[in-house]
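Quick note: the coordinates plus some simple rules give every number you see, no bench work behind them. Owing to the predicted nature of the structure, the values given are computational and were not obtained by experimental measurement. With ideal geometry, Cβ positions are generated from the backbone for all residues, glycine too; neighbour counts draw on all protein chains shown.
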Amino acid sequence: MSVEFDNTEILFPWNTTEFRANPYPWYERARRIDPVHRAPEGSYVVTRYDDTMHFGRLPSMSIVEPAPRGPHPWEAFGNTVLSLDPPQHTRMRRLTNRWFTPKLISQYLETTRASLNATLDKLAAGEVVDAHFDLGVRPTHDTMCRILDMPEGHVEAMFWALWDAMLINATDPVEGTREKSVAGLEFMFGETERHLDAKQRNPGSGLVDELLAAHGRGELSWREVLETTVILHMSGGPNPAYLIGAAFRLFAQRPDLMAAYREKSDIRGKFVDELARMYPVELIITRFPTEDIDIRGVRIPAGSCVKFPIGAANRDPEIFENPDEFDYERPNEASRHLTFSLGPHTCAGKALSLAEVEAILTVVAERYDRVELAGDPIEIRTDRLVVFEKLPVILH
């Protein structure tokens, strides 16, 4: 997509349809003319990969907003890794780390494959299936439910409740967003609390049982258990599912890539890594420096909002040659994308998500010859998030 700019246009028109649909021309322009840009709303936007890697990982770069502007719906997760810095973050992270070891992940993938195959086995020849929800969200959500030892619940309703809840994190939320966010949060917390109550009456052997046991020992508050469970139960599917959907769209557009994925099993890990580089689902890392910092001669005062657009860093041509091209043969040293964040806040489910994507693509590539789009894929985007609303495909 070619975009024409004039000298008066703002660098990041966050809420325009054109920017949301394809922010990369704006990122490229900013990297060239103002890589550390002070936006009109007062935030600083950093678009170079090296700057993001260095400054985004500094201990002084806090995830906690120092002076929130009034009550914010996202405070519902104030006791989780999403809202805490070390050492509190480290304490909460340790509660789940042992559940995401390589050995256990390989066992969890049995559930991923079984759930996916159950869906595929029911498909008639030529039947349309939603590659994002049916082939992405459902099997990855089922996998997380196995880890937690919780029922799957209302999967589609939970998925969209999470989306609605996260809309409030857009740079400039449109009218009505706060109400949608609050309603989504109320649904998620209500569903999760109901499951936790059932768990207390009928204990099992999952991650949730471990959280409840820690609560019983006085090591976790009830609110910490609830918020952590909401995050895990609701978000186990969306992030890997978007990558899965992006892969099936790519397979439909480039049958040669699906053939390569099928025939060259040794490239599958790098293929998924390149997929993650090009198609991040969460689009901006936001931090608040606890002390004044200087980035490329720009003085950023303590407490400022600093935005690191993941898509800008992931397609920086100084790091990734031909950054807008899908190239699974990139050397390892040129594939260090930031799709799962960085530093202590790197996504705890990164290894699981990548393994799930690889497992699902492998099952489909080995069962079918090609993917056909059965209609135009429909994406919904803000400046912070992206999701497939519809991704109809036929598997041949």
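Of the candidates H89, H72, H233, which one comes out as most mobile in a Gaussian network treatment of the chain with C-alpha springs shorter than 10 Å?
So, out of H89, H72, H233, the one fluctuating most is H72.
List, in the order given, every pair from K350/K390; K264/K350; K122/K350 whose Cα-Cα distance in the structure shown is over 32 Å.
Long pairs (Cα-Cα over 32 Å): none in the table.
Report the calculated FRET efficiency for D294 and R178 (r = Cβ-Cβ distance, R0 = 41 Å), to the nearest 0.05.
0.70
How big is the dipole moment of region 215-306 about its Cα centre under a simple scheme where the beta carbon of each Lys and Arg is +1, that of each Asp and Glu is -1, and everything else is neutral? Debye, nearest 20, please.
That gives region 215-306 a dipole magnitude of about 320 debye.
Which of V357, S115, L342 sits closest to the plus end of the dipole of region 17-395, meaning its Cα is farthest towards the positive end, when Lys and Arg get +1 and Asp and Glu get -1 on the C-beta?
Of the options given, the answer is L342.
Where the convex hull is taken over the Cα atoms of the chain, what is its projected area averaged over directions, in nm²?
Quarter of the Cα hull surface area: 19.7 nm².
If amide H atoms are built 1.01 Å from N in the plane of the peptide, which residues on other chains or at least 5 residues away come under 5 Å of the amide H of L220?
Answer set, sorted by chain and number: H215.
Would you pull out the residues with amide H under 5 Å of S62's amide H, same chain only if 5 or more places away, H placed 1.01 Å from N?
Here the answer is F288, T290, since their amide H atoms fall under 5 Å of that of S62.
For E193 and E152, compute 0.36 nm times the residue count separating them, minus their Cα-Cα distance, and round to one decimal in nm.
That works out to 13.4 nm of additional length.
Cα-based Rg (one decimal) and Dmax (whole number) for region 191-268, in Å?
19.7, 56
Can you give the extra length, in nm with one decimal, that the chain gains between E366 and A125 once fully stretched, where that is 0.36 nm per residue apart less the Cα-Cα distance?
Contour length minus the Cα-Cα distance gives 85.1 nm.
At a Cα cut-off below 15 Å, give the aspartates and glutamates reachable from K199, other chains included and same-chain residues fewer than 8 away excluded.
D149, E152, E191, D209, E210
If R₀ is 25 angstrom, what is the calculated FRET efficiency for the pair E219 and Q107, using the beta carbon separation as r and rounding to 0.05?
Computed FRET efficiency for E219 and Q107 comes out at 0.40.
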